[in-house]
Amino acid sequence: MLTACSTTSLDEYASNKPLLIPEQFFNGSLTAQGVVKNRSGKVTRYFTARINAYWRDSSGAKIGTLEEVFQFNDGELQYRTWTLTPTAAGYTATAGDVIGPGSAQTRGNAMQLHYTLEVKYQGSTLQLQVEDWMWLVDDNTLLNESTLRKWGFKVGSVQLVIQKDKPH
């Protein structure tokens with residue numbers, strides 16, 4: 001269902017460079033800065049995130065871990081730890097607030113990730129379908145755009161830039 005929501009095919013990016021290889025970009029310390037927008041496109045929150053990313057061998061496969069700490073402009077802290085497991089089609093992506101496994105695929109400089117996220121909102125919990133698009137701009141910079149949907153309707157979006165931290 002989510003694939004049908006996108007008008008762009010991942011294959012359209014197959015020849016774009018630089019190649020986005022998750023094991024290379026998502027490795028080491030990264031910093032993200034971004035905004036959360038409501039369904040009409042108004043920015044409602046700003047955030048900075050610190051990401052510690054690494055890959056470990058497990059039964060012959062490299063399993064990726066992204067430990068994320070988000071600090072929002074209103075003082076809220078959120079924590080999320082992603083696990084990326086290679087599959088024949090790309091990656092399975094799991095996290096504590098993600099319902100079931102998400103799926104990720106890469107082509108050229110792009111990555112597309114689909115998952116269902118549990119979000120606290122006005123005293124209750126919502127399940128939002130998320131379509132993430134990521135584009136590697138250069139070896140150290142990735143742009144990310146997420147569309148959030150409920151019952152097929154867009155309810156918000158997130159735009160961010162992720163940069164590899166420079167070694168000291």
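The values are calculated or read from the model by the stated rules, or taken from the named source; none is laboratory data. Here the structure is a predicted model, which is why all the values come from computation and not from measurement. Cβ: placed from backbone, ideal geometry, glycine included. Neighbour counts: every protein chain shown. What goes into the accessible areas is simple: the full protein's heavy atoms, side chains included, and nothing from ligands, DNA or RNA. Shrake-Rupley method; radii C 1.70, N 1.55, O 1.52, S 1.80 Å.
Hey, if we sort THR141, THR83 by accessible area with the 1.4 Å probe, largest down, what's the order?
THR83, THR141
Of all accessible surface on the chain at a 1.4 Å probe, what whole percent is carbon and sulfur?
Ligands and nucleic acids excluded, carbon and sulfur reach 51 percent.
Nearest 20 debye, what's the magnitude of the dipole of the chain about its Cα centre given +1 on Lys and Arg Cβ and -1 on Asp and Glu Cβ?
360 debye
Place +1 on the Cβ of every Lys and Arg and -1 on the Cβ of every Asp and Glu in the chain, take the dipole about the Cα centre, and give the residue among VAL35, TYR91, VAL161 whose Cα lies farthest towards its positive end.
So the residue furthest toward the plus end is VAL35.
Once the piece of chain linking SER40 and TRP135 is laid out straight, how much longer is it, given 0.36 nm per residue of separation minus the C-alpha distance between them?
31.8 nm
What percent do you get for the relative contact order of the range 92-168 when only Cα pairs under 8 Å and 6+ apart count?
19 percent
At a probe size of 1.4 Å, how large is the accessible area of LEU66, to the nearest 10 Å²?
10 Å²
Two decimals is fine: what is log10 I(q)/I(0) at q = 0.09, 0.14, 0.20 Å⁻¹ for the range 26-168, from a Debye sum with one equal scatterer on every Cα and no solvent?
Evaluating at q = 0.09, 0.14, 0.20 Å⁻¹ gives log10 I(q)/I(0) of -0.27, -0.69, -1.50.
Towards the positive end of the charge dipole of the chain, with charges on Cβ (+1 Lys, Arg; -1 Asp, Glu), say which of TYR121, TYR79, SER9 has the farthest Cα.
TYR121
Could you work out [θ]222 nm for the chain from helices alone, using -39500 (n - 2.57) per DSSP H run of at least four and dividing by all its residues? Round to the nearest 500 deg cm²/dmol.
Calculated mean residue ellipticity at 222 nm is -500 deg cm²/dmol.
Please work out the average accessible area per residue across the chain, using the 1.4 Å probe convention, and give it in Å².
On a per-residue basis, 57 Å².
Name the shape class, rounded, prolate or oblate, that the alpha-carbon gyration tensor gives for the range 1-63, where a ≥ b ≥ c are the square roots of its eigenvalues, rounded holds for a/c under 1.5, and otherwise prolate holds if a/b is larger than b/c and oblate otherwise.
oblate
So, in nm, how far is label ILE63 from label GLN105 when the simple model puts each one 7 Å beyond its Cα toward the Cβ?
Going from the ILE63 label point to the GLN105 one covers 2.5 nm.
For Cα pairs less than 8 Å apart in space and 6+ apart in sequence, what is the mean separation divided by the residue count of the range 23-168, i.e. the relative contact order in percent?
It rounds to 20 percent for the range 23-168.
What is the magnitude of the charge dipole of the range 25-101 about its Cα centre, with +1 placed on the Cβ of each Lys and Arg, -1 on the Cβ of each Asp and Glu, and no other charges, expressed in debye to the nearest 20?
Rounded to the nearest 20 debye, it is 260 debye.
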